[in-house]
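Peer 1: I'd like to ask you about the structure that follows.
The values are calculated or read from the model by the stated rules, or taken from the named source; none is laboratory data. Remember, it's a predicted structure, so these values are computed and weren't measured experimentally. Methodologically, a virtual Cβ is constructed for each residue, glycine included, from the backbone with ideal geometry; neighbour enumeration extends over all protein chains shown.
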Amino acid sequence: MLLNSINKALTSNRLWVAISVFSMLLLLSPLLFNGGEFYVPIFDNLDSTVVWYKILAQSGMIFADNSAIIPNMMSGLPRSSYYGEFDVVLWLYYFFEPKTAFIINEISIHVVAFFSMYIFLKKYIIKEKHYYKNIPVFVGALYFSLLPYWQGAGLTIAIMPLVTYSLLNIKNRIDSKWDWILLILLPLYASFVFFYMFYILYAGIYLVWITIKNRKLNSRLFFALLIMGVLFLLIEYRLVYAMFIDSGFASHRSEFNIFYNNTFLEIYRDAQSFFIAGHPHHLLGLQAIYVLPIIIIAMMLSLSNKRFTAQESMVIWLLILLSFIVNVWDIVLRQLYSLPILVSFFLYIALFSKKNRITGVLLLFQIGVIFLAVHQFYSGFASLAEIFPILKTLNLSRIAFVQSTINTILLVYAIVLLSKKLLFSNIFITLFLLLQLHLSLEESFYSNKEKEQYASFEQYYAPTLFDKLKTLLKEPLDTIRIVSYGLEPAVTLYNGFYTIDGYSVNYPLEYKRKFREVISEYLDTKNNLATKEARKVYDEWGGKTYILSTTVTLQYYTKNILVQNPQFSTQALCKLHTDYLISSHKIDTQKIKNLSYIDTLKGEKNSWDIYTYKIECKKE
């Protein structure tokens, strides 16, 4: 039978190596084969991390004291507001141009993710020796490696399976020197704050559990976790010093009021969304359309002891494909009632299915940590933040960043189970992989075509246009201070200018209050929904000291607009020693004191136009 022949041919290891290489090249093709022109998300990439790395790499102050001031952004920020000097990504930006560093980092993340998951699955998940063994391993490794990873976290999530592999080797006394080398080098290319503080917590709980179970401490695993924790803290010594010894300044984060504000229904919806889709910016899981349905279907089939016939298998596979085509799973999983039903089903599997208990346990664990993550937004727990003030500044959503690893393990278990229950599984699992590959390409964090909320380096930073601006101003860049209007400060910062505005995750509270005077007229306008939202963003979060009275993002930018009431204070700008205002819109200066028009620089069709203004401050 033809289907049987195809099914058997798909077990070829060489074929799956070829599929893996092809899939990876396809995903990375915008970075490798498009002449350097690719588009990436603006948020938390072009508007922030790229510029932060570039500023620090070129500052000559990588090893400076925590209190040393790096003058480029927000009138000068302490060295402790930037990344540590032992960050591999920082040194990529030091030795290479920002775009090249970005590409190297992205390629490293996806390649490491593939081999990390492949090694882990082959050793610890697929233990049975069946002819189809290579298929779930390759499919799992490909699913994990093709996810859209946030480049700012380096290998944090991508290398997690390999870290788990090494820790299990150490626990089982089958480790080699490479396992220890990995744990020692890990803090250089992974983030303690982004996830590994929680990973070590998970591993510690596991250590306690096996200690109680075996009535004996596994000293090797304990020592490995101790080494990991100590090395992470040493690498992050700036953060540790600032948190526990001397921060040098009161942080703007002390006024955070972004947590503990939502109703139970709102945080329930957040948890459901996280379970279905992952974190929208830093850990997009792409599991809703194909992966979760495959896992749930496999768990349903596990309730039967029957191995289905060829005819029955074809009917089941076709029904599964039909459900994918009409997108029924995504619709059903997003219903309000779906999560309680799934939890009940997973609980039943965990309690009563001996062979597949682990799948139910893993899914319940995943849902549990997701609710733990979103509880930080529930108003009913606000009293906890008063008892433990650190909860106001610590982002607990990252405790659920183990999700993609768990989903990969569950997917592999599901593929093995389907292969046992249904005939022609290799054909349909391969088809599933192709569908998931298409989804990964659509949702990738870089593209060779323009997408909403994406921009290329050249389009967003407009270096040619800002070279003209440097010629126009004819002043040394370190002697003047710029404020941006209608474009993000990252644009001017990337091009070497020094700004009084910016975006930082940790800066002095005093400066936040000073900059508020610049935009207080706008923020304090009453009976206006837009200003009410802007006031909430600035006062209760405040990571961005921007002039908020106009759109600053390229995706919403429209050329040739005249702004008649810009709502910012030039007097407050003078107090911050601002020399020039760079605007993407023309401003009517008749109603504004101390602002004089200089010139207009026209940019590319899909990029900024720049209107340059001199801020005339009285010299005291």
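Peer 1: Please specify each residue of the stretch 494-508 satisfying the condition of being outside any loop (DSSP other than H, G, I, E, B) and farther than 10 Å from ARG481 by Cβ.
Peer 2: Hits for the stretch 494-508 are TYR494, GLY502, TYR503, PRO508.
A quick yes/no check of all residues on (1) of a type in the set (A, V, I, L, M); (2) touching a Pro at 6+ places or on another chain (Cβ under 7 Å); (3) modelled with pLDDT under 90; (4) within 30 Å of VAL21 (Cα to Cα):
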position: ALA462; (1), (2), (3), (4): yes, no, no, no
position: LEU469; (1), (2), (3), (4): yes, no, no, no
position: VAL483; (1), (2), (3), (4): yes, no, no, no
position: THR492; (1), (2), (3), (4): no, no, no, no
position: ASN495; (1), (2), (3), (4): no, yes, no, no
position: ALA534; (1), (2), (3), (4): yes, no, yes, no
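Peer 1: Got a sec? Which of LEU347, LEU372, LEU410 is part of a helix (DSSP H, G or I), buried (at least 19 other Cβ atoms within 10 Å of the Cβ) and in the same structural domain as LEU286 (by TED's automatic domain parsing)?
Peer 2: LEU410
Peer 1: Continuing with this model, one more query. Looking only at the stretch 1-26, filter to residues that are closer than 21 Å to GLN311 by Cβ and surrounded by 17 or more Cβ atoms within 10 Å (Cβ to Cβ); which one of those is nearest to the chain's Cα centre (by Cα)?
Peer 2: Filtering the stretch 1-26 for residues that are closer than 21 Å to GLN311 by Cβ and surrounded by 17 or more Cβ atoms within 10 Å (Cβ to Cβ), the one nearest to the chain's Cα centre (by Cα) comes out as LEU10.
Peer 1: Here's another thing I want to ask about it. Quick check on the stretch 556-574: of everything there that is of a type outside the set (A, V, I, L, M, F, W, C) and surrounded by 15 or more Cβ atoms within 10 Å (Cβ to Cβ), which residue is modelled with the lowest pLDDT?
Peer 2: TYR557
Peer 1: Let me ask something else about it. Would a scan of the stretch 276-283 turn up a residue that is over 26 Å from the mean Cα position of the chain (by Cα), of a type outside the set (Ser, Thr, Tyr) and assigned to a helix (DSSP H, G or I)?
Peer 2: Scanning the stretch 276-283 turns up no residue that is over 26 Å from the mean Cα position of the chain (by Cα), of a type outside the set (Ser, Thr, Tyr) and assigned to a helix (DSSP H, G or I).
Peer 1: So, LEU142, is that one touching a helix residue (DSSP H, G or I) at 6+ places or on another chain (Cβ under 7 Å), under 20 Å from VAL412 (Cβ atoms) and modelled with pLDDT of 95 or more or not?
Peer 2: Considered against the rule, which asks whether it is touching a helix residue (DSSP H, G or I) at 6+ places or on another chain (Cβ under 7 Å), under 20 Å from VAL412 (Cβ atoms) and modelled with pLDDT of 95 or more, LEU142 comes out as yes.
Peer 1: Does the stretch 134-176 hold any residues that are part of a helix (DSSP H, G or I) and of a type in the set (A, V, I, L, M), and which are they?
Peer 2: ILE135, VAL137, VAL139, ALA141, LEU142, ALA153, MET160, LEU162, VAL163, LEU167, LEU168, ILE170
Peer 1: Turning to a different aspect of this structure: Looking only at residues that are buried (at least 16 other Cβ atoms within 10 Å of the Cβ) and among the aliphatic types (A, V, I, L, M) in the stretch 69-87, which one is farthest from ILE184 (Cα to Cα)?
Peer 2: MET74
Peer 1: Criterion first (over 29 Å from PHE86 (Cβ atoms), part of a helix (DSSP H, G or I) and among the aromatic types (Phe, Trp, Tyr)) does PHE43 satisfy it?
Peer 2: Criteria not met by PHE43.
Peer 1: Please pick out the residue among LEU441, LEU509 that is surrounded by fewer than 18 Cβ atoms within 10 Å (Cβ to Cβ), farther than 30 Å from TYR143 by Cβ and either touching a residue at least 60 places away in the same chain (Cβ under 8 Å) or among the basic types (Lys, Arg) (or both).
Peer 2: Step by step, each of LEU441, LEU509 is checked, and only LEU509 is surrounded by fewer than 18 Cβ atoms within 10 Å (Cβ to Cβ), farther than 30 Å from TYR143 by Cβ and either touching a residue at least 60 places away in the same chain (Cβ under 8 Å) or among the basic types (Lys, Arg) (or both).
Peer 1: Can I ask one more? If you go through the stretch 13-33 one residue at a time, do you hit one that is touching a residue at least 24 places away in the same chain (Cβ under 8 Å) and of a type in the set (D, E, K, R)?
Peer 2: no
Peer 1: Let me ask something additional. Where residues in the stretch 552-571 are touching a helix residue (DSSP H, G or I) at 6+ places or on another chain (Cβ under 9 Å), assigned to a loop (DSSP other than H, G, I, E, B) and not hydrophobic (A, V, I, L, M, F, W, C), which of them is farthest from GLU517 (Cα to Cα)?
Peer 2: This residue is THR553.
Peer 1: Identify the single condition in (1) crowded, with 20+ Cβ neighbours inside 10 Å; (2) of a type in the set (S, T, N, Q); (3) not assigned by TED's automatic domain parsing to the domain that holds ARG357 that SER447 does not satisfy, given that it satisfies every other one.
Peer 2: (1)
Peer 1: Got a sec? Which of LYS127, LYS171 is under 30 Å from ASN214 (Cα atoms), surrounded by fewer than 18 Cβ atoms within 10 Å (Cβ to Cβ) and not small (Gly, Ala, Ser)?
Peer 2: Unique residue meeting the criteria: LYS127.
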